Each structure stands twice: as structure tokens, then as C-alpha cells.
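The values are calculated or read from the model by the stated rules, or taken from the named source; none is laboratory data. Quantities reported herein were computed from a predicted structural model and do not represent experimental measurements. Cβ placement follows ideal geometry from the backbone for every residue including glycine, while neighbour counts extend to all protein chains displayed. When the accessible area is computed, the model is the full protein with side chains, heavy atoms only, and any ligands, DNA or RNA have been set aside. Shrake-Rupley method; radii C 1.70, N 1.55, O 1.52, S 1.80 Å.
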Amino acid sequence: MNLKTDLKALSKKELESFIKEQGLPAFRARQLRHWIYERRAESIDEITEFSKDLREGLSKKAYISTLKLLSRQISADGTEKFLFGLEDGESIESVLIPDKDRLTLCISSQVGCAMKCRFCLTAQLRLRRNLRAHEIVDQVICGGRLIHPRSITNIVFMGMGEPLANFYEAVEALWRMTELMKISKRRITLSTAGIAPKILELAEKAPRVNLAISLNATTDEVRSRLMPINKKYPLRSLLDACRRFPLEPRRRITFEYVMLQGLNDTQDDARRLIRILKGIPSKVNLIPFNPYPGSEYRRPSDEEIERFQKIVLGGNVTALIRKSKGQDILAACGQLKAGYG
Ligand code: SAH
């Protein structure tokens, strides 16, 4: 047991009271937040703005935690997967995806996931625990350090877990990224399986980052079969929340659509997709299913996917086919398992 206080884990208020308890002036809390999140210090000793005495004094009571890199795999296509260890021995994965002039880091919000989506490998882990805000953010800090001198340009909450099922910590992580680390809101995307009421709460409580919805089907019957969360929040309530989601000018909601052969890939589906997205500024990402050992689904052929895309485009809905990356190291969408099981 580490009896020292982890400064990175403290909220603004908690850090302020910790500093007060130490008999230090309030501005030290501000400096600490700056050094931990903006300067990305890994230890109190790196805080050169503090005198040696102050650093030594603080180090007796406190420390700055960091994720532990357990393994790093590089795919033939340049995608990288990081396995990070947490302080309690749990682990999570983050994936770095290079694409033209972008370098996107895909981060996790929970250890495992409780959503039970039928096509996703992470679901098999069940939920082990929620991540704390600093553990979510630290994937960006550590990821950034590991790939130096390159830098991360975009962040997506599309790794392990359902961010809106870990609402408080995910929102706090978004604040730390935008306010403390000064990452642009437009470069962050939060993706959800569709916890409808939390979508509107997100608009109220979090910085206005991009929103992505894992739609994956066009009827309640199919969607409930694939994604049990749909039984609680059926398409009507999900799409209603999307319609009411306050978007900034020229912004759109991304709809992810995993393509599963014979299940959601028919021409009727494509036409229904256009219909149900009416009135929502949207773009669709078609993701051919990524198989994993033991998976029961298949991806449609390239021609079938292109035909689907054409119909959607014909309805004046933007639709991109997302060529999945990192499949050879199980780093693509739905393939994260963090070495468990
Ligand atoms: N829980 C959030 C964040 C995870 S995002 C959410 O559901 O949005 C992970 C994305 O990968 C989701 O859009 C999901 O639909 C997709 N996905 C899951 N398993 C997949 C698989 N085997 N192949 C392709 N995409 C998959």
C-alpha cells in the first residue's frame, strides 16, 4: 500500500485542501496542476519551479502516479497498441492510429465493459472497474511521452469501456484535457453505445467535444439483439437525444456502423439509415466487422459494403468506409482485451 497522496488523482478542490493541510500557500495548488497536466511532470522532483526543500518536503507526503507500460506492439500498418498497468494491478489498452496528417490516440474509459455488445471482444471481460479521471487522462500523457518527438493530434474515447457508464470520471477527464492540457475540444471525440439520457447530460456538464454514437443497426429488433443497451434505450429515445444534442455550427454527430454480413448490411438497412438520421447533422462511419478468435460474425464483401455506402450517399448522408487498422495485433475496433482471459 502506498500511503502517500497521489497528486495526479486529486480534483481541484482536493488538491487545494491538501496544500492547505501542508501549511502551504494556495498558489502552490495552481502550480502543481500546471506542472502535472500541462508540463506533464512525472515526479515532484521535476518541478523545478519549487525549491529543493519544498520538493523534498512534498515528496515525503505525496507523489505523482503514472501508468506503467507493460507492452507495446506495432502493427504492419503502423498502428501501435499500448498495454498499461494500473496501480491496483488491473490493465488497459490504448491504440495509436496514424492516418495521413493525423495521429489519433484511442483511449479506454473502463477496465472491461458492461454493455455486452455481441460483436465486441471487450464485452467478454465484463466490467472489472471504472477508470478514474486521471487514469483516463494519463493514457494521453504517457502515450504522448512514448511517441515523442511525434505528437498526438486527436483523441477518441473508443477503446475499452463505455464512457457514459463512467460518467463523472469521463467528464472530469474531458475537463482536465481541455482546460489543463489545453487540448482542443474539436480534436476529442467521445463515443457511446447509446445511453440516451447521459448524452444530454454530457452536453450540459462537459466541454463540447465531438460526439459519436455506435448505431450499428436500423431496427430495434436487430439492435437489441446486437446491443442489449437498446432494450433500455431504444432507437427512438437514442435518436431523440441526438436530435436535441446542441451542436455548434457546422458540427455533426458521427454514427459508427459495424457491418455484419447478413445482419445489418441489406439495401433496406441502407435506406432505413437515411430515414432514421433525418434531421440530425450526421456523418456515418461504416466499419467492416473485425473478427477475433471465436467471433461468430462475418464482414460483408468489399462490394457489398460499397453498395451500402452508395445508397447512403445517395440519400445525402456522408458515409465513409473505415478501413480498420492494426488487426494483426488485435488493435482494431472491438478487439481490445488487455491481456485478460
Ligand atoms: N462503448 C463505446 C466506446 C467503444 S467504441 C461505444 O460503444 O461507442 C468501439 C467501437 O468499435 C464501437 O463503435 C463498436 O461498435 C465498434 N466495434 C466493436 N466491436 C467491433 C468489431 N469486432 N469490429 C468492428 N467494430 C467493432
Inset, instruction - For every helix of n ≥ 4 consecutive DSSP H residues, a contribution of -39,500 (n - 2.57) applies; sum these over the chain, divide by its total residues, and give [θ] at 222 nm rounded to the nearest 500 deg cm²/dmol. - result: -9000 deg cm²/dmol
Inset, instruction - Can you figure out the FRET efficiency of residue 153 with residue 175, using R₀ = 22 Å and their beta-carbon distance, to the nearest 0.05? - result: 0.65
Inset, instruction - Calculate the tail of P(r) for the chain: the fraction of all Cα-Cα distances greater than 35 Å, expressed in %. - result: 24 percent
Inset, instruction - Please report, in debye to the nearest 20, how large the charge dipole of segment 5-63 is about its Cα centre when each Lys and Arg carries +1 at its beta carbon and each Asp and Glu carries -1 there. - result: 180 debye
Inset, instruction - Distance check, please: which entries in 8/185; 182/283; 278/310; 116/337 exceed 20 angstrom between their Cα atoms? - result: 8/185; 182/283
Legend entry - Given charges at beta-carbon only (K, R positive; D, E negative), |dipole| of the chain in Debye: 800 debye
Legend entry - Projected label distance in nm at residue 182 and residue 101, using a 7 Å step from Cα toward the beta-carbon: 2.1 nm
Inset, instruction - For segment 5-63, build the charge dipole from Cβ charges (+1 Lys, Arg; -1 Asp, Glu) around the Cα centre, then report which of 54, 17, 7 sits farthest towards its positive end. - result: 17
Inset, instruction - Name the residues whose placed amide hydrogens come within less than 5 Å of the amide hydrogen of residue 213, ignoring near sequence neighbours (fewer than 5 apart) on the same chain. - result: 192, 254, 255, 256
Inset, instruction - Would you mind checking which residues have amide H under 5 Å from residue 99's amide H? H placed 1.01 Å from N; only 5 or more apart, or other chain. - result: 104
Legend entry - For segment 171-176, Karplus couplings with θ = phi - 60° (6.51, -1.76, 1.60), whole Hz, Gly/Pro x: 5, 4, 4, 4, 4, 5
Inset, instruction - Please turn the phi angles of segment 255-262 into ³J(HN,Hα) values with the Karplus equation 6.51 cos²θ - 1.76 cosθ + 1.60 (θ = phi - 60°), one per residue in order, whole Hz, x for glycine and proline. - result: 10, 8, 9, 6, 8, 10, 4, x
Legend entry - Value of Rg to Rh for segment 117-249 (Rh from inverse mean 1/r over Cα pairs, i.e. Kirkwood): 0.98
Legend entry - Theoretical FRET efficiency, 1/(1+(r/R0)^6), r = Cβ-Cβ of residue 27 and residue 48, R0 22 Å, to 0.05: 0.85
Legend entry - Kirkwood-type radius of segment 169-219, with distances r between different C-alpha atoms, in Å: 11.7 Å
Legend entry - Residue list for segment 1-19, given a label point 7 angstrom along the Cα-to-Cβ vector of residue 88 and an amide N cut-off under 19 Å: 1-11
Inset, instruction - Could you calculate the contour length gain from residue 168 to residue 200, that is, 0.36 nm times the residue separation minus the distance between their Cα atoms, to one decimal place in nm? - result: 10.1 nm
Inset, instruction - Could you let me know the centre-to-centre spacing of segment 139-196 and segment 234-278, using Cα atoms, in angstrom? - result: 23 Å
Legend entry - Considering only the chain, percent of DSSP beta bridges that pair antiparallel, nearest 5: 45 percent
Inset, instruction - Determine the principal axes of the Cα atoms in segment 5-63, then give the extent along each, sorted from largest to smallest and rounded to whole angstroms. - result: 23, 23, 19
Inset, instruction - Enter the accessible area per residue of the chain (Å², integer; probe 1.4 Å; all protein chains in place). - result: 48 Å²
Inset, instruction - State the percentage of accessible surface on the chain attributable to carbon and sulfur atoms; use a 1.4 Å probe and exclude ligands, DNA and RNA. - result: 49 percent
Inset, instruction - Using packing as a proxy for protection, rank 242-249, 212-219 so that the peptide with the highest average count of other Cβ atoms within 10 Å comes first. - result: 212-219, 242-249
Inset, instruction - Could you tell me which Cys residues in the chain have no other cysteine's Cβ under 4.7 Å from their own Cβ, answering none if every one has a partner? - result: 106, 113, 142, 242, 333
Inset, instruction - With no solvent and one equal point scatterer placed on each C-alpha of segment 201-318, evaluate the Debye formula and give log10 I(q)/I(0) for q = 0.20 Å⁻¹, two decimals. - result: -1.15
